[in-house]
Amino acid sequence: MSTNPGSDVENGHVQREVSPEQRAVEERLVANVVASFDACEDLRLKELMVSLVKHLHGFIREVRLTEREWETAIAFLTRAGHITDDVRQEFILLSDTLGASMQTININNQAYANATEATVFGPFFVADSPEIEVGGDIVFGAPGEPCWVEGTVTDTDGKPLAGARIEVWEADEDGLYDVQRDAAKRAARAHLFTREDGSYDFWGLTPTPYPIPNDGPVGQMLEAVGRSPLRASHLHFMVSHENARTLVTHIFPDGDPIGWKDTVFGVKESLIKTFERQPAQSPTPDGRAVEGTWSRVRFDIVLAPAGA
Ligand SMILES: [Fe+2]
């Protein structure tokens with residue numbers, strides 16, 4: 001596509017009046033592109049492509065996209081591709097910051113009875129986290145204020161789920177995940193299994209807000225529109241059991257300075273929990289000596305049945 005130097009962008013306005021003849025030209029193109037998928041034998045793929053084309057053309061026509069804006073969009077996607085590698089995933093950031101990740105989660109994890117709600121997975125899960133004993137410590141030297149996390153895992157009838165696998169991971173007080181410091185490092189993340197009565201507890205860190213990686217095109221987009229790159233403070237959970245639907249979620253401290261302004265729209269009312277601040281040298285649930293302040297939170301997890 002060539003740039004039209006006399007385009008309406010330079011004139012500071014967009015031509016929105018469309019004659020019947022022009023509308024017919026535009027609609028004929030949409031129909032031609034839709035028809036190009038007629039022979040597609042994979043009906044789901046055909047549905048996806050036809051809908052994508054209709055919405056994409058609907059967007060282009062609604063905003064009367066200029067050629068310069070089209071070129072800007074192509075350059076943006078090109079930069080997103082160039083910065084993406086095994087560790088940095090700019091397209092997930094883009095999906096997250098446009099709410100597309102959260103909407104996909106909403107659609108695929110619909111409310112089931114009293115089951116705990118899901119939220120975004122995020123880009124910092126790693127599959128090979130260390131295993132800790134229940135009651136153990138996930139911190140492994142990451143900086144931050146200690147936080148005692150406790151709760152139960154049950155089914156929607158309240159029956160305890162023994163041996164449920166709980167994966168937990170979080171940023172440290174500098175707002176960094178272990179893998180951002182060193183790809184081989186594992187800290188402030190672990191997995192553990194619930195006791196026979198479905199209970200669990202462990203030491204982690206009091207969550208703090210952190211920015212999503214904002215030195216790339218997504219960061220530039222957020223800055224251009226006046227949005228913060230900060231995520232609400234949170235602690236990630238992934239909880240699985242053979243008889244249950246796997247839950248991917250976070251908990252968020254109440255009173256968080258970012259809260260509902262979370263840049264990936266992950267906050268849900270039911271996931272906001274009270275992190276009770278504890279004075280320095282106060283006794284801890286497991287008798288561990290903690291020099292400074294610490295916090296504690298309870299998170300009772302309810303899993304929907306498998307296949308729900
Ligand atoms: Fe996170």
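A few notes on this one:
- Residue in region 270-279 that is free of Cβ contacts under 8 Å to residues at least 12 places away in the same chain and exposed (fewer than 15 other Cβ atoms within 10 Å of the Cβ) present: no
- Condition met for Gly204 (buried (at least 18 other Cβ atoms within 10 Å of the Cβ), away from the ligand (no atom under 16 Å from the Cβ), in contact (Cβ under 8 Å) with a residue 24 or more places away in the chain and in a strand (DSSP E or B)): no
- Residue count, region 232-258 (criterion: within 15 Å of the ligand (Cβ to nearest atom) and either at pLDDT below 95 or among the hydroxyl-bearing types (Ser, Thr, Tyr) (or both)): 4
- Among the residues listed as Arg296, Arg288, the single one being among the basic types (Lys, Arg), under 23 Å from Ala188 (Cα atoms) and assigned to a strand (DSSP E or B): Arg296
- Every residue from region 275-308 that is more than 30 Å from Ile107 (Cα to Cα) and within 29 Å of the chain's Cα centre (by Cα): Glu276, Arg277, Trp294, Ser295, Arg296
- Taking residues in region 18-44 that are free of Cβ contacts under 8 Å to residues at least 40 places away in the same chain and under 18 Å from Leu65 (Cβ atoms), and partners anywhere that are hydrophobic (A, V, I, L, M, F, W, C) and part of a helix (DSSP H, G or I), the pairs with Cβ atoms closer than 9 Å and at least 6 places apart or on different chains are Glu26/Ile60; Val30/Val53; Val33/Val50; Val33/Val53.
- Search result, residues across region 171-190 that are in contact with a Phe, Trp or Tyr (Cβ under 9 Å, 6 or more places away or on another chain) and either part of a strand (DSSP E or B) or over 15 Å from Ile138 (Cβ atoms) (or both): Asp174, Gly175, Leu176, Gln180, Arg189, Ala190
- Scope region 242-252; condition buried (at least 23 other Cβ atoms within 10 Å of the Cβ) and within 17 Å of the chain's Cα centre (by Cα); matching residues: Leu247, Thr249, His250, Ile251, Phe252
- Taking the criterion of being buried (at least 21 other Cβ atoms within 10 Å of the Cβ) and within 17 Å of the chain's Cα centre (by Cα), the residues of region 213-241 that qualify are Val218, Arg231, Ala232, Ser233, His234, Leu235, His236, Phe237, Val239.
- Residue satisfying all of: in region 112-136; surrounded by 17 or more Cβ atoms within 10 Å (Cβ to Cβ) and over 21 Å from the mean Cα position of the chain (by Cα); farthest from Glu196 (Cα to Cα) among these: Ile132
Residues checked against (1) among the polar types (S, T, N, Q); (2) touching a Phe, Trp or Tyr at 6+ places or on another chain (Cβ under 7 Å); (3) under 30 Å from Glu26 (Cα atoms); (4) more than 16 Å from the ligand (Cβ to nearest atom):
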{"position": "Phe59", "(1), (2), (3), (4)": "no, no, yes, yes"}
{"position": "Trp70", "(1), (2), (3), (4)": "no, no, yes, yes"}
{"position": "Phe76", "(1), (2), (3), (4)": "no, no, yes, yes"}
{"position": "Asp86", "(1), (2), (3), (4)": "no, no, no, yes"}
{"position": "Ile107", "(1), (2), (3), (4)": "no, no, no, yes"}
{"position": "Ala113", "(1), (2), (3), (4)": "no, no, no, yes"}
{"position": "Glu117", "(1), (2), (3), (4)": "no, no, no, yes"}
{"position": "Val120", "(1), (2), (3), (4)": "no, no, no, no"}
{"position": "Gly141", "(1), (2), (3), (4)": "no, no, no, yes"}
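- When restricted to residues that are buried (at least 18 other Cβ atoms within 10 Å of the Cβ) and either away from the ligand (no atom under 16 Å from the Cβ) or not aliphatic (A, V, I, L, M) (or both), region 181-190 contains 1.
- Residue match in region 163-176 (condition: more than 16 Å from the ligand (Cβ to nearest atom) and either of a type in the set (D, E, K, R) or surrounded by fewer than 21 Cβ atoms within 10 Å (Cβ to Cβ) (or both)): yes
- Among the residues of region 77-124, those identified as within 15 Å of Gly266 (Cβ to Cβ) and not in a helix (DSSP H, G or I) are Leu98, Gly99, Asn109, Thr116, Glu117, Ala118, Thr119, Val120, Phe121, Gly122, Pro123, Phe124.
- Enumeration of residues in region 141-161 that are in a strand (DSSP E or B) and touching a residue at least 40 places away in the same chain (Cβ under 8 Å): Pro146, Cys147, Trp148, Val149, Glu150, Gly151, Thr152, Val153, Thr154, Asp155
- Taken together, the criteria exclude Glu47 from residues that are over 30 Å from Asp182 (Cα atoms), at pLDDT below 95, of a type outside the set (Phe, Trp, Tyr) and part of a helix (DSSP H, G or I).
The values are calculated or read from the model by the stated rules, or taken from the named source; none is laboratory data. Remember, predicted model here, so these are calculated numbers, not experimental data. Virtual Cβ from ideal backbone geometry, glycine too; neighbours counted across all protein chains shown.
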